[in-house]
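Undergrad: Below is the structure I would like to discuss, written out as structure tokens.
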Amino acid sequence: GCGDRTNRDVPASEVRQASYRDRPADEFLDAVVARSRNSASYHDEASVRISYDNDGRWESRTEPLNVWFDQDQLHVRAYTLSLWSSRQSVNAWVNDPLTADFDSQVLQVPSIEGRPSLESLLSDEILVERLGAGLAGPPPQLEWLFAAEPMRRLFDSDHHFRFGTDRDIDGFPCLSVEVDAAGESFRFWIDRSLGLIRRVDMPPVVSPAAQDLPAEIQRSLELKGASFVTPAAGPSFAPLPARPTDVHRFVPLPPIEPPRVLGTRATRFRLASSDTRLTLTEKGADRAVTVLLLSDAAARSNTAFGVLQHWVGMMNPALRERVRVLVVFSESASSFIPDDPALPIVVDAGGTVATAYQMRPGSVVVLRPGGEVGWVQPELNAESLVNLGAIVGDVLEGIDVPQRLHDQWKAAVAEYQTELERQRISAN
């Protein structure tokens, strides 16, 4: 057990005195975290490091996950999100070119009296979502500083704590506390002199092979510059959006516009299948609906190939007579074609199909009767197969799927604009 976990001021001297002989590892870590919970100031230049094996080369990248806190002021940079809490107000904004800085929305809510609680800081759903939008989740420093019971789940009675090896972290002599949390391993590197956490090694993320990601991604939180001393300077802010829209709460963005290729037809082309039994043209193949998969050697494509084979095998005879499923390989990937494929194969030497339908390896296109693009699916796996089947069913029934998608998108944009206007804070 970790003893009495009441909030109390734990001076650095008490943390320093704790050793292998003085108290169990869980109580020692609890004392370290309790000191954070009661500190009046804290700041770091922390980042999360993601490391993985890329075809024999070890690669890594970092993302910001830092916290600056002093009295009643708080600044957080977590991935693309920035949060600033001061005596005047609490503001949050996003630096993300993929969403035009979250459409330039800037959250502005009333200031928080005194030391903030996690509940008061994290009252906006999208703020919470963005705060934890990376592989390491939200900054644990916020929990150490402001939660009523920091790391409550980690201190579960079934978890095992022990002291590990000692080493220097960024030049500071540190001891380690290792935690086995139901099979997930954490290692906390704690400054021997100052009693604060310098690094946390987190459990690796194991990627499903279908996602074509590294099999295992190592994660560590590197708390460079961590200090309880009152900061000599203010935090370093990420820029606000160029034309900010102040809002009472973040408004969820509408879906992106449907692919422009939907509803279009390709220019004339003609390709024969590898067994010469079928011909693929801009109008499709030999049945009412044509489903095309662009494949290559990547795991994502291999998974999609297998999913489509299974789907065709499960089709009833009536559906098979109306739907033709083809797999398209580029010439460079033709060596990866199975010896005895269960689906017709087309080798597209000039990349005609990929260009005509704006396809990437692993993606699927559904052609309506006559060759009009009825559906585009960027990635196919067992979970998304249900959606593909529903779309093919709609196309066979004569439903104009592209028009339906475009109408739904326009309605979603209109609804977003209405809600954004409702949440907008007047300049007056």
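Undergrad: For residues in the range 405-428 being among the small types (Gly, Ala, Ser) and assigned to a loop (DSSP other than H, G, I, E, B), which is farthest from PRO258 (Cα to Cα)? Working first, answer last.
TA: Of the residues in the range 405-428, the ones among the small types (Gly, Ala, Ser) are 411-412, 414, 426-427.
When the remaining residues are screened for being assigned to a loop (DSSP other than H, G, I, E, B), the result is 426-427.
On the way: SER426: 32, ALA427: 34 Å.
Taking the candidates together, the pick is ALA427.
Undergrad: Looking at the range 376-404 only, could you name the residues that are open to solvent by 40 Å² or more (accessible area, probe 1.4 Å) and not in a loop (DSSP other than H, G, I, E, B)?
TA: VAL386, ASN387, ALA390, GLN403, ARG404
Undergrad: Tell me which residues, restricted to the range 156-181, are open to solvent by 20 Å² or more (accessible area, probe 1.4 Å) and within 29 Å of the chain's Cα centre (by Cα). Outline the logic, then answer.
TA: At the first step, the residues of the range 156-181 found to be open to solvent by 20 Å² or more (accessible area, probe 1.4 Å) are 156-163, 165-168, 170-173, 178, 180.
Matches in the range 156-181: ASP156, HIS159, ASP170, GLU178, ASP180.
Undergrad: To continue, here is another question. Considering only residues that are out of contact with any helix residue (DSSP H, G or I) (no Cβ under 9 Å at 6 or more places or on another chain) and farther than 15 Å from SER220 by Cβ, which ones fall in the range 172-190?
TA: Taking the range 172-190 first, the residues out of contact with any helix residue (DSSP H, G or I) (no Cβ under 9 Å at 6 or more places or on another chain) are 172-174, 176, 180-187, 189.
If the condition is that a residue be out of contact with any helix residue (DSSP H, G or I) (no Cβ under 9 Å at 6 or more places or on another chain) and farther than 15 Å from SER220 by Cβ, then PHE172, PRO173, ASP180, ALA181, ALA182, GLY183 are the ones that fit.
Undergrad: Is it the case, given these coordinates, that VAL347 is at pLDDT 80 or above, more than 33 Å from the chain's Cα centre (by Cα) and open to solvent by 10 Å² or more (accessible area, probe 1.4 Å)? Show your work before the answer.
TA: Values: at pLDDT 80 or above: yes; more than 33 Å from the chain's Cα centre (by Cα): yes; open to solvent by 10 Å² or more (accessible area, probe 1.4 Å): yes.
When the stated conditions are applied, VAL347 passes them.
Undergrad: In the set PHE237, PHE186, which member is at pLDDT 95 or above and farther than 30 Å from GLY374 by Cβ? Lay out the reasoning, then the answer.
TA: Working: PHE237 fails: at pLDDT 95 or above.
Of PHE237, PHE186, the one residue that is at pLDDT 95 or above and farther than 30 Å from GLY374 by Cβ is PHE186.
Undergrad: With the requirement that a residue be in a strand (DSSP E or B), open to solvent by 20 Å² or more (accessible area, probe 1.4 Å) and not basic (Lys, Arg), what does the range 26-64 give you?
TA: HIS43, SER47, TYR52, ASP53, ASN54, TRP58, GLU59, SER60, THR62, GLU63, PRO64
Undergrad: Given the criterion free of Cβ contacts under 8 Å to residues at least 60 places away in the same chain and open to solvent by 60 Å² or more (accessible area, probe 1.4 Å), identify the matching residue among ARG249, ARG287, ARG277. Lay out the reasoning, then the answer.
TA: Details: ARG249 fails: free of Cβ contacts under 8 Å to residues at least 60 places away in the same chain; ARG277 fails: free of Cβ contacts under 8 Å to residues at least 60 places away in the same chain.
Only one candidate passes the filter, namely ARG287.
Undergrad: Considering only residues that are open to solvent by 30 Å² or more (accessible area, probe 1.4 Å) and acidic (Asp, Glu), look in the range 123-145 and name the one that is nearest to TYR42 (Cα to Cα).
TA: Taking the candidates together, the pick is GLU143.
Undergrad: Could you tell me whether any residue of the range 84-97 is of a type in the set (D, E, K, R) and either open to solvent by less than 50 Å² (accessible area, probe 1.4 Å) or in contact (Cβ under 8 Å) with a residue 40 or more places away in the chain (or both)?
TA: Initial filter on the range 84-97 (of a type in the set (D, E, K, R)): 87, 96.
If we keep only those that are either open to solvent by less than 50 Å² (accessible area, probe 1.4 Å) or in contact (Cβ under 8 Å) with a residue 40 or more places away in the chain (or both) too, we end up with 96.
Yes: one or more hits.
Yes/no matrix, rows are residues, columns are (1) under 27 Å from the mean Cα position of the chain (by Cα); (2) modelled with pLDDT of 95 or more:
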{"residue": "SER332", "(1), (2)": "no, no"}
{"residue": "THR352", "(1), (2)": "no, no"}
{"residue": "PRO361", "(1), (2)": "yes, no"}
{"residue": "GLU372", "(1), (2)": "no, yes"}
{"residue": "GLU379", "(1), (2)": "yes, no"}
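Undergrad: Only one of GLY351, GLY374, GLY362, GLY370 is more than 22 Å from GLY393 (Cα to Cα) and not polar (S, T, N, Q). Can you tell me which? Before you say what the answer is, go through the steps one by one.
TA: Values: GLY374 fails: more than 22 Å from GLY393 (Cα to Cα); GLY362 fails: more than 22 Å from GLY393 (Cα to Cα); GLY370 fails: more than 22 Å from GLY393 (Cα to Cα).
Of the residues listed, the single one that is more than 22 Å from GLY393 (Cα to Cα) and not polar (S, T, N, Q) is GLY351.
Undergrad: Considering only the range 173-193, state which residues are of a type in the set (Gly, Ala, Ser) and in a strand (DSSP E or B). Even if it seems obvious, please write down each step before you answer.
TA: So in the range 173-193, the residues of a type in the set (Gly, Ala, Ser) come out as 176, 181-183, 185, 193.
Result: SER176, ALA181, SER185.
The values are calculated or read from the model by the stated rules, or taken from the named source; none is laboratory data. Remember, it's a predicted structure, so these values are computed and weren't measured experimentally. Here the Cβ is made from the backbone with ideal geometry for all residues, glycine too, and neighbour counts use every protein chain on show. Keep in mind that these areas ignore ligands, DNA and RNA; they rest on the heavy atoms of the full protein, side chains included. Shrake-Rupley method; radii C 1.70, N 1.55, O 1.52, S 1.80 Å.
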